[in-house]
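For reference, the structure discussed in these notes is given below.
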């Protein structure tokens, strides 16, 4: 371990007890594995859960498709609640959500306020704008490079693991069908007004070069939050948890653990964040 890492470990305050729970809710063209640049880091501070409620090739969604049942935000909220009730059972939860997951997180926080501690929304959809889905052109044509260009600000710097991920998904007919049905059932659903009912402190983050969800609309929507914080990240597209992982990893830890969270903490606050334990 590098000397400066050892120093940081020594000066970080330590606490004991059950760690708080963080639930990751992925977006439309993602799976739970899309948090690969974040889970390990956050796992040093929290118990991290990434429920696969959007597995397009999975039995649950394929059964709904076969039965001609819609895949809606309401359905995804129910699936999330069922997962937490069955497998986790240790509320309250911090919700960290990306893109479509933002709609699910907001609805969950409104319906089950007693289960939610704090919320982080990363480039959330459903903020009241007409979502642009250039990613769908790539999906329909099986063009991985088009998919990557639509999501990231600087595609040439995209990790090979991401490229391989999309290559694999685009070759799956079930994945494409599940994705298209989910778009059909969720695209026009907005949660802008519901933001007013979210009681939990909430951080809304956008990328200034987001081509999917308009960052200006998100900034206006953030004003509806009761206890809201907003950050727009320059030179960033629709996936800040991947493109700006270093910042997002530490910003999320700060926001979820600080007694007085902010969207723009000092660098010392980012480096010295410590786990907040449940003391019950």
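Things worth noting here:
- Take the Cα of residue 270, step 7 Å toward its Cβ, do the same at residue 216, and the gap between the two points is 2.7 nm.
- Over region 207-263, the fraction of Cα-Cα pairs per 10 Å bin, rounded to whole percents and listed from the shortest bin up, is 23, 48, 29, 1.
- Peptides 187-193, 48-54 ordered by packing proxy, namely the average of other Cβ atoms within 10 Å per residue, highest first: 48-54, 187-193.
- Using every pair of separate Cα atoms, the Kirkwood estimate puts the hydrodynamic radius of region 69-109 at 10.7 angstrom.
- The orientation-averaged shadow of the Cα convex hull for region 163-280, equal to a quarter of the hull surface, comes to 10.2 nm².
- Label sites at residue 112 and residue 18, each approximated as a point 7 angstrom past Cα along Cα to Cβ, lie 1.5 nm apart.
- One chain, two ends: residue 246 and residue 171. Fully extended at 0.36 nm per residue, the span grows by 23.9 nm beyond their Cα-Cα distance.
- Across the alpha-carbon atoms of region 30-131, the computed radius of gyration and Dmax are 14.0, 42 angstrom.
A short reminder: the numbers here are calculations on the coordinates, not readings from a lab. Worth saying up front: this structure is predicted, and the values here are computed from it rather than measured. Every residue, glycine among them, receives a Cβ derived from its backbone with ideal geometry; neighbour counts consider all protein chains shown.
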